[in-house]
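Worksheet for the structure shown next.
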Amino acid sequence: MAAELARGGTGAAPAFPALIPQPLAQAPERGTFALGPEARIVVRSRARDAVRVGELLAGSLRPATGYRLPVVATRPAAGDVTLALVPGDAALGDEGYRLHVDGAGVTVAARRAAGLFWGTQTLRQLLPAAIEADGLRPGPWLVPRGTIHDRPRFAWRGAMLDVARHFFGVDDVRRLVDLMSLYKLNRLHLHLTDDQGWRLAIRSWPRLTSQGGRTQVGGGRGGYFTQRQYAALVAYAADRFVEVVPEIDMPGHVNAALSSYAKLTCDGRAAAPYTGIEVGFSSLCLRKPVTYAFVDDVVREVAGLTPGRYVHIGGDEAHATDPAEYRTFVERVDRIVRAHGKRMMGWEELGKTRLRRSTVVQHWQDDALAARAVAQGARLVLSPATKAYLDMKYVPGFPLGLSWAGTTTVRDAYGWDPALQVAGVGEADVLGVEAPLWTETVTTRADLDLLVFPRILGHAEVAWSPAAAIAWPGYRRRLAAHGPRLEALGVGYYQAPEVRWR
Ligand code: NGO
């Protein structure tokens, strides 16, 4: 199928509207299909996750159209949107889909429900931007005809939110998951703990949140997720094929824990709460047995809340930890994580230790350390600070963000190839891409929007689309066309001048 279709981005007329990420292959045709008031969402499968995709699609189309859009399991008729599971079509992979639009309707076919879901996100983008409005709009709801064949380049297409420096609650995180879905991102890494706050309730160590959850950068009130809230959030994301990856940062970045429990410090005196933005000054006391009981309890509870495969143990910037102790600590934590049924993930500093091949290492600034991890068989998630850190300022003097890794324009955040980023690390060593938002300077949803959007769309395309489809001139035009869509979604994105928004 793919071979019959034009490669994405050839610009042949007729054309599909701006799609981000650019699909693997597309063959637009003349004419449109009009989604009408009698349309149904027909799900050709009894699988629960496929039916759920139908319901999520209906839910996203109902507000603006005002149509009933019943989700049914019968034979499709003219005018319907059909979702079909075709387990035998190996060319689609685990997340790929085929989308076909003709005069009779829309069909999305995929091997798995995840592929159906990504196909329905493409369908949203084929509809006018007003489809994203949360109230009735006049339409018409025209979908251009043609065929799209699509599957991702990388399995890991992530965003990270630091809820420790400033807390962002359930509503903000759900909204981020919703926005990630539209751009086919499938991992949400939550940085749950740091010097300035501990944000996930741990039942066996309650003061971590009752005490350590009450601070944040700048001295505000902080906040935390109860386990019930967190579990609901994880389930909400999983319904949208987004795996939540919890990070408990250790042995550094632990002042919030040390201020909650005096017994965790080497001198037995609780640390003072910290609300500044320095890094690298705190450490768990690695010679105390209670530290390992603590780690075991925390990892056990976190693993119990995690249907996903990974527990992220941080490991970054442990400047206050003895290097030899650091190495034995990480190896011991790896055993704890595995004892609770998960795989260990951590920042590139893990490259200093002896790693198991199943470890996932997150590169952020030191190519040599990341390469050392790869040499041991680990795979990388790439978050190069100079490209992928969503907290870097766009331009000097930008009111939000940091600039220790330089400034990152919308164009910088798009023009990079994960397979060429780290010397000696090729495509097969790269699990994917993740764009982190650290929140030292980020306090409100408006701040978050301004730093995350539109740069995250660039990372989404870098992670999904074939390398050959990555080209700034075409992307710039497609991104500009997404402005009205982001506005309809209520996203206050940065109107970077190099994009020439319409
Ligand atoms: C570093 C540091 C974080 C900061 C961030 C700010 C990593 C992995 N550790 O990235 O604690 O918040 O920079 O950009």
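The values are calculated or read from the model by the stated rules, or taken from the named source; none is laboratory data. If you're wondering where the values come from, they're calculated on a predicted model, not measured in any experiment. So basically every Cβ, Gly included, is an ideal-geometry build from the backbone, and we count neighbours across all protein chains shown. Note: accessible area is taken over every heavy atom of the protein model, side chains too, but ligands, DNA and RNA are not part of it. Shrake-Rupley method; radii C 1.70, N 1.55, O 1.52, S 1.80 Å.
With all protein chains in place and a 1.4 Å probe, the accessible surface of region 41-95 carries 52 percent carbon and sulfur. The phi-based Karplus calculation (6.51 cos²θ - 1.76 cosθ + 1.60; θ = phi - 60°) puts the 3J(HN,Hα) values of region 463-470 at 7, 9, 7, x, 3, 5, 8, 7 Hz, whole numbers, x for Gly and Pro.
Would you mind classifying the chain by shape? Square roots of the alpha carbon gyration tensor eigenvalues, ordered a ≥ b ≥ c; an a/c under 1.5 is rounded, otherwise it is prolate if a/b is larger than b/c and oblate if not.
prolate
Each helix, a run of at least 4 DSSP H residues, gives -39500 (n - 2.57); summed and divided by the residues of the chain, these come to -9000 deg cm²/dmol at 222 nm. Can you pull the percent of region 125-172's accessible area that's carbon plus sulfur, 1.4 Å probe, other chains left in place? Here it works out to 52 percent. When the Cα gyration tensor is reduced to axis lengths a ≥ b ≥ c, the ratio a/c is 1.5 or higher for region 129-237, and with a/b above b/c it is classed as prolate. Phi-derived couplings, Karplus 6.51 cos²θ - 1.76 cosθ + 1.60 at θ = phi - 60°, listed residue by residue for region 151-164: 7, x, 6, 10, 6, 9, 10, x, 10, 10, 10, 8, 9, 8 Hz, with x used for Gly and Pro.
Less than 5 angstrom separates the built amide H of Gly314 from those of Ile248, Met250, Trp347, all sequence-distant by 5 or more or on a different chain.
Across region 299-310, computed HN-Hα scalar couplings (Karplus, 6.51 cos²θ - 1.76 cosθ + 1.60, θ = phi - 60°) run 5, 4, 5, 5, 4, x, 9, 10, x, x, 7, 10 Hz from first to last residue, x flagging Gly and Pro.
Residues of the chain were split at every exposed loop site, defined as GluC sites (Glu not before Pro) in a DSSP loop with at most 14 other C-beta atoms within 10 angstrom, and the longest piece left, sites excluded, is 39-277. A Förster radius of 51 Å combined with the Cβ-Cβ distance from Arg411 to Asp49 puts the calculated FRET efficiency at roughly 0.85. Taking only the Cα atoms of region 2-150, the radius of gyration and Dmax are 14.3, 41 Å.
Using only Cα atoms, locate the centre of region 449-493 and the centre of region 82-135, then give the distance between them in Å, rounded to an integer. What the calculation gives is 20 Å, centre to centre. Considering only beta bridges that DSSP places wholly inside region 2-150, some 60 percent are antiparallel. Checking the a/c ratio against 1.5 first, then a/b against b/c, what shape does the Cα gyration tensor give for region 241-300? Oblate, because a/c is 1.5 or more while a/b does not exceed b/c. Once the 1.4 Å probe is applied to the protein heavy atoms, the chain comes out at 37 Å² accessible per residue.
Near Leu402, the amide H atoms lying under 5 Å from its own belong to Met392, Lys393; only residues 5 or more places off or on other chains count, and H is placed 1.01 Å from N. Using R₀ = 30 Å, calculate the FRET efficiency as 1/(1 + (r/R₀)^6) where r is the Cβ-Cβ separation of Arg477 and Gln227; round to 0.05. That gives a FRET efficiency of 0.05. Per-residue surface analysis assigns Ile336 an accessible area of about 20 Å², computed on protein heavy atoms at 1.4 Å probe radius.
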